[in-house]
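Take a look at the structure below.
The values are calculated or read from the model by the stated rules, or taken from the named source; none is laboratory data. Bear in mind the structure is a predicted one, so any value in this text is a computation, not a measurement. As a convention, Cβ positions derive from the backbone with ideal geometry for all residues, glycine included, and neighbour counts pool all protein chains shown. These area figures cover heavy atoms from the full protein model, side chains too; ligands, DNA and RNA do not enter into them. Shrake-Rupley method; radii C 1.70, N 1.55, O 1.52, S 1.80 Å.
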Amino acid sequence: VGSKSAATCQQEGGKREGRSMPKHHAAADRERFKLVSACAAGGGLFFEPVKFTAFVGVIVVACVLGIVFLFTGLANRVVHGFQLAGSEQVGLRMSTTWFTKVIVESPHDGYATTYVVDCDEVFLPDPVPMEYTRTLNVQEGKHQEYEFWFNKGTSVTVYFNLSTPVDLLIVKSEDAFDLWAKHSDDDGVCLRVANESHAGVRYNITQTDDYLFVWDNNYKEGSAEGKAQFFVQATVFNVSNCLAACTNKTCEFNLRKDSGQRIVIEAQPENVTSGKVQVR
């Protein structure tokens, strides 16, 4: 590769083609010294045929390796990570067009049961009642949150009784919570109950996702201590006809290509262990 001007290129090209040589060697010699150049465009780049072919080969190999690394990375990336309360259930629809192997990693054996179901979304006809009690100790100027994964159609009623007033926020998704916590961005806040120490509120889930219940203490009246109770009418998947089930710390499944199969992860009723389930 060179960096000569267009004029220099044309001069050198003229010298090469104007050399005195035996007639029977002329064609071979011209082919041997033929240059593919960008002189006409004022470029000054030269590629001999052999070097040009090698250059293209390197580009092709790099592209192939890039695609391999990309798909390897996608196959091993964490699709989702979440913490499950007792009896809480998560259903995930995996794209089986490109990847059919799913790995579910739990904090320990028996933390949750993972099912493979052969349908898109089949829920039990009636909601399942669940109850959770959580302790609150919200320091002045701080916030405390509890996170749940709810399927659409679920209804949640939460009561709290605290020693000093706080704001209760219901935020959909961890990303929206991060925006609120770092930048006071309320775009992901679904509901807010302001300046209350004793209150109850009901919220209907219209989209399956993580939901965070956040108690925010900004009223400069000291710590807010007490409890919150959640009464949930949960929409849950019917796993009675599942294709496979696993309760191990690490579960691997091979889904049918281009199918509507999904995995459903259900926490054990007595589950109180911290840590997240990760799906790859």
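Worth a mention:
- Shape category assigned to segment 150-251 from the gyration tensor of Cα positions, a/c cut at 1.5: prolate
- For D167, solvent-accessible area (1.4 Å; no DNA, RNA or ligand), Å²: 20
- In this structure, the residue pairs whose Cα-Cα separation is over 22 Å, taken from K249/K276; K152/K182; K152/K172, are K152/K182.
- Residue ranking by accessible heavy-atom surface, 1.4 Å probe, largest first, among F148, F123 comes out as F123, F148.
- For segment 147-197, a crude dipole built from +1 on the beta carbon of Lys and Arg and -1 on the beta carbon of Asp and Glu, taken about the Cα centre, is about 220 debye to the nearest 20.
- Computed from label points 7 Å out along Cα-Cβ, the spacing between T206 and D186 is 1.8 nm.
- The charge dipole of segment 200-280, taken about its Cα centre with unit charges on the Cβ of Lys, Arg, Asp and Glu (plus for the first two, minus for the last two), comes to roughly 280 debye.
- Most to least accessible of V201, V264 (protein chains only, probe 1.4 Å): V201, V264
- Compared with the direct C-alpha span, the chain from D258 to D118 gains 49.2 nm at full extension, assuming 0.36 nm per residue.
- Taking all protein chains together, R192, R202, R134 sort by accessible area into R202, R192, R134, largest first [probe 1.4 Å].
- Database remark: amide H of T96 closer than 5 angstrom to the amide H of D258, S259 (H placed geometrically; neighbours at sequence offset of 5 or more, or on other chains; Pro and chain starts carry no H).
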